[in-house]
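Data block below; observations after.
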Amino acid sequence: MIVDCLTHTWEHGAALGRGVAFGGQQNGHGPDAHRAAAARHRAAAEPVDVTLVLGFKSQYLGAEISNSQVAAYVRSQGNRMIGIAGVDPSDPKEALAELRRARNEWGMPGVAVAPAAQDFHPSSSQAMRVYAEAAALGMPVFFHTGPQLTSLTKLEYAQPVLLDEVARELPDLRIVIAHLGSPWVHETLLLLRKHPHVYAEISGVIQHPWRAYEALLSAHQSGVVDKLLFGSGFPDAPASLCIESLYSLNHLSQGTNLPTLPREQLRGIVERDALTLLGITHERPKTPRPEPIHEEIHDE
C-alpha cells in the first residue's frame, strides 16, 4: 500500500497570498483553472493507493485553500483521497472552531499548520490549545517546517527544533514534519529519535538526489528510517517521479566507496502504512498496486 502523505491542489502563486511565491505553476484563476488543477492532481495521484490533500489558511498572508473545497474534492474521488484541514492557530478561537467543523462535519481526520507562513511561534500558548484539541480528537498535526511558500514567511518559526516542546507537552499527539524539516534535516532526525509519535515525510527533499541521499543515509545511520513517510509535495512533483527518484538513490554511490541505502528500507518508506501510524481510519482500496518499476536496483 502506498500513501502520499502531502499534496496540495493549488497551482498558482496567488493562492499563497502576499509576497513572492516559490514553487507551483502559474496557471491562472477561476473555475476553469481550478478544474484543470484538480485534473492534474488526480493524474499525479494515479500511482498511489491513498493521497492526503492538505488545506491551507494564513491570515498573515491573506491566503486560503478552504477546507470545504478540499473536502468536496476528496469526496468526489471515493476512497482514494483524504482531506487534511488547514487551520491558522494565530486566531485560536477560529482555529478551534474550524478544527471541530473539519472533523465532525467534513470528516477530515488531520490538521495542517504552517507556523512560518502564519506568523506564530510553534509552541505559543494559542497554538498549544489547538494542538491539544487535535490530540483529544485523535487528529495528527502536519507541520510545514521546511521549504517555505513566499518571501514573507518567517524562517525563525520554521525550525523543527521548536517542535520539541510541543512533543514533550503533548506526548500522545502524532506530529508529521513536512519535507524532512529541510534544511534542518539533522534537527528533524533528532526529534524522530527522541519522540515516539513524531514522524517526517520526505517531499521537497527526494527531488534533489544528493540532498536526499545524504538525508536518508543519516536517517538510516540514526535508526529512524521507520519514522519516514512517503510524500510527493504535489504540485512540486508527481508521485511517480518521487518514487522513481527514491529507488534510484543508490545510483549515486555506484563505482564509489560510499555506503548504499538498504533496498528494503527504501521500499519501506514507499509502502509504509502511514494511515495506521497516524491513527487515520480510512477504507482502503481493494485492488493491489503493482510493485515500483525501479525495485530491481541492487545496493549490494
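Classify the stretch 58-204 as rounded, prolate or oblate from the Cα gyration tensor: take a ≥ b ≥ c as the square roots of its eigenvalues, call it rounded if a/c is under 1.5, otherwise prolate when a/b beats b/c and oblate if not. Mind dumping the intermediate values first?
Working: a/c = 1.40, a/b = 1.32, b/c = 1.06.
Taking the square roots of the gyration eigenvalues as a ≥ b ≥ c, the stretch 58-204 is rounded.
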query = Hey, got the dipole for the stretch 78-161? About the Cα centre, +1 on K and R Cβ, -1 on D and E Cβ, debye to the nearest 20?
reply = 240
Heavy-atom surface of the stretch 120-173, accessible at 1.4 Å and reported per residue (Å²) = 39
ask   = To the nearest 20 debye, what charge dipole does the stretch 108-245 have about its Cα centre, counting +1 at the Cβ of each Lys and Arg and -1 at the Cβ of each Asp and Glu?
value = 100
remark   = With +1 at each Lys and Arg Cβ and -1 at each Asp and Glu Cβ, the charge dipole magnitude of the stretch 38-102 around its Cα centre, to the nearest 20 debye, comes out at 200
task = Could you check the simple spin-label distance between A39 and E214, using points 7 Å along Cα→Cβ, in nm with one decimal?
result = 4.1
note = Share of accessible surface on carbon and sulfur in the stretch 202-247, whole %, 1.4 Å probe and ligands ignored, is 51
Per-residue SASA entry for E187, accessible area with 1.4 Å probe, Å² rounded to 10 = 50
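Let a ≥ b ≥ c be the square roots of the eigenvalues of the Cα gyration tensor of the stretch 204-254; is it rounded (a/c under 1.5), or, if not, prolate (a/b larger than b/c) or oblate? Please report the intermediate quantities before stating the final value.
Numbers: a/c = 2.14, a/b = 1.32, b/c = 1.62.
In terms of gyration-tensor shape, oblate.
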query = Amide H neighbours of I2 under 5 Å, counting only residues 5+ apart in sequence or on other chains, H built in-plane at 1.01 Å?
reply = D49, V50
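From the square roots a ≥ b ≥ c of the eigenvalues of the alpha-carbon gyration tensor of the stretch 166-263, which class results: rounded (a/c under 1.5), prolate (a/b over b/c), or oblate?
On the way: a/c = 2.47, a/b = 1.48, b/c = 1.67.
It is oblate, given that a/c is not under 1.5 and a/b is not larger than b/c.
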query = Of E133, E165, which has the most accessible area and how do the rest follow, probe 1.4 Å?
reply = E165, E133
note = With all protein chains present, the stretch 86-160 has a carbon and sulfur share of its accessible area (1.4 Å probe) in percent of 47
inquiry  = How much length would be gained if the chain were fully extended between E94 and S253, taking 0.36 nm per residue of separation minus their Cα-Cα distance, in nm to one decimal?
reply    = 52.2 nm
ask   = Roughly how much of K154 is accessible, in Å² to the nearest 10, using a 1.4 Å probe?
value = 60
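The values are calculated or read from the model by the stated rules, or taken from the named source; none is laboratory data. Nothing here was measured: the structure is a model prediction, and the numbers come from that model. Here Cβ is always computed from backbone atoms with ideal geometry, including for glycine, and neighbour counts include all displayed protein chains. Keep in mind that these areas ignore ligands, DNA and RNA; they rest on the heavy atoms of the full protein, side chains included. Shrake-Rupley method; radii C 1.70, N 1.55, O 1.52, S 1.80 Å.
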